[in-house]
Amino acid sequence: VISLASIAACAFLLWITNRARAPAGGDNTTGHVWDEDLREMNNPLPRWWVGLFVVTTVFGLGYVGAVSLACLARDGHQVIGVDVDQAKLDLIAAGKTPVVEEGMVDLMAASVGSGRVTLTRDTRKAILNSEVSLICVGTPSAPNGSQDQSAMLRVARDIGTALRDRADGHVVVFRSTL
């Protein structure tokens with residue numbers, strides 16, 4: 001079942017993709033710290049290319065996050081994956097998938113191999129270098145049956161702190177169950 005929120009998030013990403021085209025001359029003048037941070041994060045794409053697509057951060061690289069990261073990268077977007085689990089980051093960096101899903105082995109290998117995937121544990125660096133963030137962290141059931149939203153609240157707090165250092169806007173989309 002596709003939720004209205006999923007449709008709205010996809011429509012917004014399509015809209016912002018068209019809005020984020022680089023100005024004439026190929027220079028991306030959005031004020032991001034492309035030159036320093038993305039190169040430091042092993043981004044092989046030239047600065048003008050990054051401006052052609054929306055740079056998206058995906059927080060939480062479990063089932064929803066890993067699939068979103070791979071699909072966005074396949075479609076030409078620069079994607080910054082953020083997770084607290086270094087082993088998961090290392091697995092994806094090696095072109096392997098942390099989830100079992102038909103087609104994901106090849107999709108993840110191709111996406112990572114394309115050079116459009118950057119991985120980090122640094123929320124601030126990811127926020128400063130992207131226009132959109134997809135929050136895909138888990139909200140497991142607590143012992144009393146309610147949702148454990150501690151990971152969601154931690155990510156929201158970290159994003160809020162990082163947004164203080166941005167001069168322009170940033171879109172945050174919650175893909176997790178709330």
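The values are calculated or read from the model by the stated rules, or taken from the named source; none is laboratory data. No experiment lies behind these values; they were computed from the predicted model shown. So basically every Cβ, Gly included, is an ideal-geometry build from the backbone, and we count neighbours across all protein chains shown. Side chains are part of the model used for accessible areas, which takes the heavy atoms of the whole protein and leaves out ligands, DNA and RNA. Shrake-Rupley method; radii C 1.70, N 1.55, O 1.52, S 1.80 Å.
What are the residues in the stretch 116-128 that are of a type outside the set (Asp, Glu) and closer than 24 Å to Lys96 by Cα, if any? Correct list: Arg116, Val117, Thr118, Leu119, Thr120, Arg121, Thr123, Lys125, Ala126. Exactly one residue out of Ile127, Ile92 is modelled with pLDDT of 95 or more and in contact with a Pro (Cβ under 8 Å, 6 or more places away or on another chain), and it is Ile92.
Select, from Asp90, Asp165, Asp122, Asp83, the only residue that is open to solvent by 50 Å² or more (accessible area, probe 1.4 Å) and under 26 Å from Leu178 (Cα atoms). On inspection, the qualifying residue turns out to be Asp122. Within the set Val172, Val137, the sole residue that is open to solvent by less than 50 Å² (accessible area, probe 1.4 Å), at pLDDT below 95 and of a type in the set (Val, Ile, Thr) turns out to be Val137.
Taken together, the residues in the stretch 150-168 that are closer than 22 Å to Leu69 by Cα and touching a residue at least 24 places away in the same chain (Cβ under 8 Å) amount to 7.
As an exercise: evaluate Asn43 against (1) modelled with pLDDT of 85 or more; (2) within 27 Å of Asp168 (Cα to Cα); (3) in contact with a strand residue (DSSP E or B) (Cβ under 7 Å, 6 or more places away or on another chain) and give the number of the one condition it does not meet. It fails just one condition, (1).
Within the stretch 67-116, being aliphatic (A, V, I, L, M) and under 20 Å from Ile127 (Cβ atoms) holds for Leu69, Leu72, Ala73, Val79, Ile80, Val82, Val84, Leu89, Ile92.
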